[in-house]
Amino acid sequence: MRVVRRRSSVDEVIAALNEQLANGTWAPGERIPTEQELVAELGVSRAVVREAVRALVQLGCLEARQGAGTFVVSAADPSPMLRQLRRAELRDVFEVQLAHDVQAARRAAQLRDDADDERLRALLDRRDRAASPEEFGAADVAFHSAVVDAARNPLLTEMYRYFSERLRESLVALRADSALQEGGPQAHHALFEAIAARDAEAAAAAAHAVIEPCLTSLRDVAGEGGTAS
């Protein structure tokens, strides 16, 4: 198997395992290599391998047998189902972000100072310049975390810090999925301008407008329609 270059990518490992299933390297009924062997072959952590195998077990491609190993059940391509599951999970994440960000933006507009403005401006520029999905995810989280910090609510800041890694992973997946949309530079600049102008209601509305395109597109690809509320 090819070595997975991005060591944190479960999706990359799933793709590598699926290649072996699709090309018949591992036939139905056959035991796949052990977790330790997969770690050595793919060059990733044990946790990443375990999560990838667990995902394929949940999809019915593999079966884990206590004391015997993991066996091939089906060579069917799990990618369409994985995309659907990922999109459902993304919606949960961005709905939580919406709840946090609207209130944070409102309070940030009321309480921000000049140092907050400088920090937000610099982070917004970094977000605008982000090229890869990974850079984009990190830059977007940094900007929104700074908005939360400017709200001066220690509990909200701590909650967002706990949430931020899951949000970063979701933003990377969002940028990598061409079927999904995200709140682009214009919406984020509107959010910054409202906070800088100390317009609390405009800031809350702008925070909502930043996340709404993502939630709308997630509902559209799921065939649900409707708009973010």
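The values are calculated or read from the model by the stated rules, or taken from the named source; none is laboratory data. It should be emphasised that the depicted structure is a prediction, and the values quoted were computed from it without experimental measurement. Positions of Cβ are generated from backbone atoms using ideal geometry, with glycine treated the same way; all protein chains shown enter the neighbour counts. Note: accessible area is taken over every heavy atom of the protein model, side chains too, but ligands, DNA and RNA are not part of it. Shrake-Rupley method; radii C 1.70, N 1.55, O 1.52, S 1.80 Å.
Tabulated results
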{"quantity": "Breaking point among (1) closer than 18 Å to GLU89 by Cα; (2) buried (at least 18 other Cβ atoms within 10 Å of the Cβ), for ALA179", "calculated": "(2)"}
{"quantity": "Test: residue in segment 198-216 that is under 15 Å from the mean Cα position of the chain (by Cα) and at pLDDT below 90", "calculated": "no"}
{"quantity": "Scan of segment 182-198 for residues that are surrounded by 17 or more Cβ atoms within 10 Å (Cβ to Cβ) and not small (Gly, Ala, Ser), ordered by number", "calculated": "GLU182, HIS188, LEU191, PHE192, ILE195"}
{"quantity": "Scan of segment 52-70 for residues that are crowded, with 16+ Cβ neighbours inside 10 Å and within 21 Å of GLU89 (Cβ to Cβ), ordered by number", "calculated": "ALA52, VAL53, ALA55, LEU56, LEU59, CYS61, LEU62"}
{"quantity": "Tabulated pairs, segment 101-126, first under 16 Å from VAL141 (Cα atoms) and free of Cβ contacts under 8 Å to residues at least 60 places away in the same chain, second open to solvent by less than 30 Å² (accessible area, probe 1.4 Å) and of a type in the set (Phe, Trp, Tyr), C-beta under 6 angstrom, 6+ apart or interchain", "calculated": "LEU123/PHE143"}
{"quantity": "Hits in segment 158-176 - residues which are surrounded by 16 or more Cβ atoms within 10 Å (Cβ to Cβ), within 23 Å of ALA203 (Cα to Cα) and not hydrophobic (A, V, I, L, M, F, W, C)", "calculated": "TYR160, SER164, ARG168"}
{"quantity": "Any hit, segment 138-157, residues being in a helix (DSSP H, G or I), more than 18 Å from GLN186 (Cβ to Cβ) and of a type in the set (Ser, Thr, Tyr)", "calculated": "yes"}
{"quantity": "Some residue of segment 64-76 being among the hydroxyl-bearing types (Ser, Thr, Tyr) and out of contact with any Lys or Arg (no Cβ under 8 Å at 6 or more places or on another chain)", "calculated": "yes"}
{"quantity": "Tabulated pairs, segment 27-41, first open to solvent by 60 Å² or more (accessible area, probe 1.4 Å), second in a loop (DSSP other than H, G, I, E, B), C-beta under 8 angstrom, 6+ apart or interchain", "calculated": "PRO28/VAL73; PRO28/SER74; PRO28/ALA75; ARG31/ALA68; GLU41/MET1; GLU41/VAL3; GLU41/PRO33"}
{"quantity": "Out of ALA202, ALA139, ALA190, sole residue that is farther than 14 Å from ASP117 by Cα and without any contact (Cβ under 8 Å) to a residue 40 or more places away in the chain", "calculated": "ALA139"}
{"quantity": "Hits in segment 16-44 - residues which are assigned to a loop (DSSP other than H, G, I, E, B) and over 20 Å from ARG86 (Cβ atoms)", "calculated": "ASN23, GLY24, THR25, TRP26, ALA27, PRO28, GLY29, GLU30, ILE32, PRO33, THR34, GLY43"}
{"quantity": "ALA88 being part of a helix (DSSP H, G or I) and either on the phi < 0 side of the Ramachandran plot or surrounded by 16 or more Cβ atoms within 10 Å (Cβ to Cβ) (or both)", "calculated": "yes"}
{"quantity": "Residue list for segment 95-137, filter: in a loop (DSSP other than H, G, I, E, B) and open to solvent by 30 Å² or more (accessible area, probe 1.4 Å)", "calculated": "ASP113, ALA131, SER132"}
{"quantity": "Test: residue in segment 68-78 that is touching a residue at least 24 places away in the same chain (Cβ under 8 Å) and within 23 Å of LEU218 (Cα to Cα)", "calculated": "yes"}
{"quantity": "Subset of segment 45-67 (residues that are in contact (Cβ under 8 Å) with a residue 12 or more places away in the chain and assigned to a loop (DSSP other than H, G, I, E, B))", "calculated": "SER45, LEU59, GLY60, CYS61"}
